[in-house]
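Take a look at the structure set out below.
The values are calculated or read from the model by the stated rules, or taken from the named source; none is laboratory data. Bear in mind the structure is a predicted one, so any value in this text is a computation, not a measurement. Here the Cβ positions follow ideal geometry from the backbone for every residue, glycine too, while neighbour counts run over all protein chains shown.
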Amino acid sequence: MSSFDLEVVDGLKLSEEHRALLRPGEPVEDENGKGHHLPRFFYAVPSWPKAHETPLTPHFKLAELMTVDCREADVLLNQFPHYVPCAVLLIARYLEDLRREADSVVFVGANGGYRSAAHQRNEPKSPHCWATAADIYRVGTGYLNDEKSITKYSEMAEALGPQVFVRPYTNGDDHLHIDLGYVTVTPRDCSEA
C-alpha cells in the first residue's frame, strides 16, 4: 500500500482483458517514432469516492487526473477498480508547483490527465498514457483559450524545470498542455524481474 492507502499492482498480473487494454510494459512508438515502454505499475482505485478523497498533493485529488469520457474502453470507464500509473504523483507535484506560482486554482480538463493506451485520443501514444501529462483549461477565473493566456501560463510552467515540456500555442487551442515525458515509476516494494 502507498502512503495514501491505494494498492499498487503489477499490470502484468491483471486480468487478460485489462492487460489487453492497458498493455503494461509494452513497447510503443510516439509521434516521432521514438520507442518507449508503457507503464507497468498502477494504483488500483476501488471507487470514485475513493478517487475524490485521495490527495496526491495538498490541492490535487486523484479524481482530477483520471476523469475520462466515453472514448475510454468500456471496462476501464465503467468498472472498478480503475488502474492509474504510479507516475501520476509526479505530474500532480508539478501542477501543485504551478498552482503556487500562479497563486490561483489550476483546473485540469476531462481527458486532460491520465488516459489509458486504449483511449481513442491516444494515437500516436501520448504522455497522457503514462499519467505524466495534464491539459489545463482554466487558472483561477481565467480560461486558457487564447494565445495571451496560454503563453502566460506556459512561461510559468516551463520555469518549473527543464523536464517540463509545454506544447506551443497553435491557433484555436483552448488549453495548455504540459507533460514530463514518458516517465515510468517502479514503486520501492515492486520488482521488475
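Give Cys86, Cys129 a once-over and let me know the one that is under 30 Å from Pro27 (Cβ atoms) and either hydroxyl-bearing (Ser, Thr, Tyr) or touching a strand residue (DSSP E or B) at 6+ places or on another chain (Cβ under 6 Å) (or both). Show your work before the answer.
Details: Cys129 fails: either hydroxyl-bearing (Ser, Thr, Tyr) or touching a strand residue (DSSP E or B) at 6+ places or on another chain (Cβ under 6 Å) (or both).
None of the others qualify; the one that does is Cys86.
Name the residues in segment 99-126 that are aliphatic (A, V, I, L, M), within 15 Å of Arg71 (Cβ to Cβ) and surrounded by 14 or more Cβ atoms within 10 Å (Cβ to Cβ), would you? Steps first, please.
Taking segment 99-126 first, the residues aliphatic (A, V, I, L, M) are 102, 105-106, 108, 110, 117-118.
Imposing the further condition that a residue be within 15 Å of Arg71 (Cβ to Cβ) reduces the set to 110, 117-118.
Passing the criteria: Ala117, Ala118.
So is Cys129 more than 20 Å from the chain's Cα centre (by Cα), surrounded by 14 or more Cβ atoms within 10 Å (Cβ to Cβ), in contact (Cβ under 8 Å) with a residue 12 or more places away in the chain and closer than 30 Å to Ala44 by Cβ or not?
Details: more than 20 Å from the chain's Cα centre (by Cα): no; surrounded by 14 or more Cβ atoms within 10 Å (Cβ to Cβ): yes; in contact (Cβ under 8 Å) with a residue 12 or more places away in the chain: yes; closer than 30 Å to Ala44 by Cβ: yes.
Criteria not met by Cys129.
Give the residue that is surrounded by the fewest Cβ atoms within 10 Å (Cβ to Cβ), with candidates limited to residues of segment 54-75 that are in contact with a strand residue (DSSP E or B) (Cβ under 7 Å, 6 or more places away or on another chain) and not polar (S, T, N, Q). Give the derivation first.
In the first step, residues of segment 54-75 are kept if they are in contact with a strand residue (DSSP E or B) (Cβ under 7 Å, 6 or more places away or on another chain); the result is 54-55, 61-62, 64-66.
Remaining after also requiring not polar (S, T, N, Q): 55, 61-62, 64-66.
Details: Pro55: 11, Lys61: 15, Leu62: 24, Glu64: 21, Leu65: 23, Met66: 23.
Once the filter is applied, the top-ranked residue is Pro55.
Here are the criteria: (1) modelled with pLDDT of 95 or more; (2) assigned to a loop (DSSP other than H, G, I, E, B). Tell me which single one Ala20 does not satisfy.
(2)
If I go through segment 23-45 residue by residue, how many of them are without any contact (Cβ under 8 Å) to a residue 40 or more places away in the chain and outside any strand (DSSP E or B)? If you could, list the steps in order and put the result at the bottom.
Of all residues in segment 23-45, those without any contact (Cβ under 8 Å) to a residue 40 or more places away in the chain come to 24-25, 27, 32-35, 44-45.
In the following step, the residues that additionally are outside any strand (DSSP E or B) were identified as 24-25, 32-34.
Within segment 23-45, residues that are without any contact (Cβ under 8 Å) to a residue 40 or more places away in the chain and outside any strand (DSSP E or B) number 5.
Taking the conditions exactly as written (of a type outside the set (D, E, K, R), over 30 Å from Ser47 (Cβ atoms) and more than 13 Å from the chain's Cα centre (by Cα)), does Tyr137 satisfy them or not? Can you show your working first?
Numbers: of a type outside the set (D, E, K, R): yes; over 30 Å from Ser47 (Cβ atoms): no; more than 13 Å from the chain's Cα centre (by Cα): yes.
Here the answer is no, as Tyr137 does not meet what is asked.
Can you pull out the strands (runs of 3 or more DSSP E) entirely within segment 91-180 that have at least 2 residues that are out of contact with any Lys or Arg (no Cβ under 7 Å at 6 or more places or on another chain) and either modelled with pLDDT under 95 or under 24 Å from Ala73 (Cβ atoms) (or both)?
Output list reads 133-139.
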